[in-house]
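To keep things clear, I will list the structure first and then write my remarks on it.
The values are calculated or read from the model by the stated rules, or taken from the named source; none is laboratory data. Quick caveat, the model's predicted, so the values are computed rather than measured. Cβ sites come from the backbone with ideal geometry, for glycine too, and all protein chains shown count toward neighbours.
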Amino acid sequence: MATSNKKNVLDLSFSLITAVASLSIIFIIVGIFWILVRESAPAIHKFGFIDFLISTEWNPVKELFGAAANISGTFMTTALALLFAVPTAIGIAIFVTEVAPNFLKGPVGIAIELLAAIPSIIYGMWGLFTLAPIMSRHIEPFLQKTLGKLPVLEVLFRGTPLGIDILTASVILAIMIIPFTASIARDSFNLTPAVVKESAYALGATQWEVVKNIVLPYSKLGVFGGIVLSLGRALGETMAVAFVLGNNHKIATSFLDAAATITVTLANEFTEADSDIYLSSLYYLALVLFVMSFIALAIAKLMLIRAERKYSR
Amino acid sequence: MKKAAALVLAVLMSTLAVTVHAEETLNGAGATFPAPVYSAWAYEYNKVTGTKLNYQSIGSGGGIRQITERTVDFGASDAPLASEKLAKDNLLQFPAVIGGVVLVVNVPGIKAGELKLDSDAVCKIYLGEIKTWNDAKIKSMNPKASLPASDITVVHRSDGSGTTAIFTDYLSGICPAWKEKVGSGTAVSWPAGIGGKGNEGVANYVKQQSNSIGYVEFAYAKQNNMAYTLLKNAAGIFVAPSFASFEDAAATGDFDPKKDFYLWLNNAKGKKSWPIAGATFILLAKDKKDSNMKTVKFYDWAFKNGANKAKELIYVPLPKSLQDKIRTYWKANGIL
């Protein structure tokens, strides 16, 4: 009797602790949202909702603020980074799981995971001191000479190649998110039942056919999950981008323009924001990012659920 | 269980120990620019008196907010607050150390101290109106220099900073067009150029990009041996940035205790004065007598004993005359 009582107490306290831990997550999210709304109230009141979202003005001296330039910068860097990162990461995962000889699998896998462990400030410093000069001296002039001569694409490569721009920031972002996508894709590829793969090989399929027709369809969901994770990281990444994006509050038309993302603006301007409306506008920006990330992740989650249902049928 | 209890007890005791110690700690928060010199002073001060300084360099905006909310013993701001604002929040203000801003260039063939610029040229370069180095205006001041026909790359700070506040105040003071179009502040809407994060960001862009110009803190230019320019000051004389020219600016600057020392040191009238400088300020809460006493004791000690340490770190210590004015101000407000 005594032992079972003790067991009950232990059980109960264990479930209580887990419940408190989980509920506190919801509490923290709601709390953050509430603080963001409360602190941005003066800015919401002054600039409104739609006007703030479509205004490109960001002038701390005249105390006029709008989020459009920051939102567009966030979208452009994130989209471009995903464009660079996703194919590379899937390629890496295919190499590690299907192509690489056994003695290479370990080292490459560990190298990818180490890439994920590097703090973002180090990527930022590396970007500023090493990547930016390489971009401005070699890669960007080369792109201008080649892609920049094409009729429509030409617009995207206008301007002086300074190395402090959307392109450099996106390359750094891509390097940062590759490990996430790659390691999740690798894990999902590994989940493909060996029997199915072996059957395909037995039927005479080539390595490429196995990857294309067996592994990729089988692990779609996992790969998609990895991309969503990287999207979240790319949206929120701050320090690495802050060093190479220039924090220019204008909507960029070229990949070689300096721009600003929401997080970069927050990191750059929060400490010295001296007027109340300035600070409040920064909180408002944070609120916009909060909602944006929420929507992006919600859409991704919905798609995952849908795909799962379709898949299980 | 016993282990856990012992652990909890240990943690409790260590917090207790901290609270006992806290009596001898001075808490400050604010500007990042003077943080190294405050820390160096605090280290020496701790050896002499046993009082510890806990200074959090969270930025001027944060410093002002923390002292307004009375969560620290003193706040620090790179920009002075106007007397009306001080009165509203019941604050006192005095300068602690001087910082200067210098222009650095990367033009092939131009060495440190070779290029001369006047305020109008600086303003027009930053407005994007003077676009090339061989512009007639720059040439007329530098007849002997061989200036290239290349475009000028203008570099400014991308983050909010006291350095930008000093520099844009300088431009606003000398150039009506700048005042009207851009204005002054810790961050402004720049009409031209690219932004670098921090002094290191600006310095790095200027080093990397040929034909560029940027503004950085004096210490940064000196430590990195960058090609600084000469500037024409308010007296019409071209001067080089040096301890002497900053001290001259500080000595001729009209710091007025009646205005709580509200002053930007830009365009000081002295013949040897460097035209772009500013003091960094300490903010005190009028109602917190005890912590004011602690803070003022520290700065009084630092003014008397910290000049060499400040110079070692390439900060400009306050001139004696200004120190005396500050001591009078403290006494007038019932401290010291």
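On the basis of being assigned to a helix (DSSP H, G or I) and touching a Gly at 6+ places or on another chain (Cβ under 9 Å), does A:Val96 make the cut?
yes
If you check B:Ala240, B:Ala227, which single one turns out to be over 21 Å from B:Gly162 (Cα atoms), modelled with pLDDT under 95 and surrounded by fewer than 18 Cβ atoms within 10 Å (Cβ to Cβ)?
Checking each option against the conditions leaves just B:Ala240.
Provide a single number: the residues in the stretch A:263-277 that are facing another protein chain (nearest Cβ under 8 Å), hydroxyl-bearing (Ser, Thr, Tyr) and in contact (Cβ under 8 Å) with a residue 24 or more places away in the chain.
0
Please pick out the residue among B:Leu86, B:Leu53 that is under 26 Å from B:Asp256 (Cβ atoms) and either more than 13 Å from chain A (Cβ to nearest Cβ) or at pLDDT below 90 (or both).
Only one candidate qualifies: B:Leu86.
Which residue out of B:Ile174, B:Ile166 is touching a helix residue (DSSP H, G or I) at 6+ places or on another chain (Cβ under 8 Å), more than 7 Å from chain A (Cβ to nearest Cβ) and of a type in the set (A, V, I, L, M)?
B:Ile174
Here are some conditions: (1) part of a helix (DSSP H, G or I); (2) surrounded by fewer than 24 Cβ atoms within 10 Å (Cβ to Cβ); (3) touching a Phe, Trp or Tyr at 6+ places or on another chain (Cβ under 9 Å). A:Ile184 meets all but one. Which one does it not meet?
Condition not satisfied by A:Ile184: (3).
For the subset of the stretch A:17-70 comprising residues that are more than 20 Å from B:Ser189 (Cβ to Cβ) and of a type in the set (D, E, K, R), which member is surrounded by the most Cβ atoms within 10 Å (Cβ to Cβ)?
Looking at residues that are more than 20 Å from B:Ser189 (Cβ to Cβ) and of a type in the set (D, E, K, R), I get A:Glu39.
Those residues that are without any contact (Cβ under 8 Å) to a residue 40 or more places away in the chain and of a type in the set (S, T, N, Q), I need them from the stretch B:85-132; list them, please.
The answer is B:Thr132, and nothing else.
In the stretch A:232-262, which residues are within 13 Å of another protein chain (Cβ to nearest Cβ) and either surrounded by fewer than 21 Cβ atoms within 10 Å (Cβ to Cβ) or of a type in the set (Ser, Thr, Tyr) (or both)?
A:Thr238, A:Met239, A:Lys250, A:Thr261 - these are the residues of the stretch A:232-262 that are within 13 Å of another protein chain (Cβ to nearest Cβ) and either surrounded by fewer than 21 Cβ atoms within 10 Å (Cβ to Cβ) or of a type in the set (Ser, Thr, Tyr) (or both).
What residue, among those in the stretch A:14-47 that are of a type in the set (Gly, Ala, Ser) and over 15 Å from A:Tyr278 (Cα atoms), is farthest from the other protein chains (Cβ to nearest Cβ)?
Per the stated criteria, the residue is A:Ser22.
So is A:Leu115 crowded, with 18+ Cβ neighbours inside 10 Å and closer than 30 Å to A:Val223 by Cβ or not?
Answer is no for this residue.
Which one of A:Leu229, A:Leu221, A:Leu289 is within 30 Å of B:Ser77 (Cα to Cα) and away from chain B (no Cβ under 14 Å)?
Going through A:Leu229, A:Leu221, A:Leu289 in turn, just one is within 30 Å of B:Ser77 (Cα to Cα) and away from chain B (no Cβ under 14 Å): A:Leu289.
Would you point out the residue of the stretch B:70-84, among those that are in contact (Cβ under 8 Å) with a residue 60 or more places away in the chain and part of a loop (DSSP other than H, G, I, E, B), that is nearest to the chain's Cα centre (by Cα)?
This residue is B:Asp78.
Please verify whether B:Ala234 is in contact (Cβ under 8 Å) with a residue 60 or more places away in the chain and either buried (at least 18 other Cβ atoms within 10 Å of the Cβ) or β-branched (Val, Ile, Thr) (or both), treating the condition exactly as stated.
no
Which of the residues spanning the stretch A:269-313 are of a type in the set (D, E, K, R), buried (at least 18 other Cβ atoms within 10 Å of the Cβ) and part of a helix (DSSP H, G or I)?
A:Glu269
Select from the stretch B:43-72 the residues that are more than 26 Å from A:Ile277 (Cα to Cα) and buried (at least 20 other Cβ atoms within 10 Å of the Cβ) and list them in ascending order.
Across the stretch B:43-72, the qualifying residues are B:Tyr45, B:Leu53, B:Tyr55.
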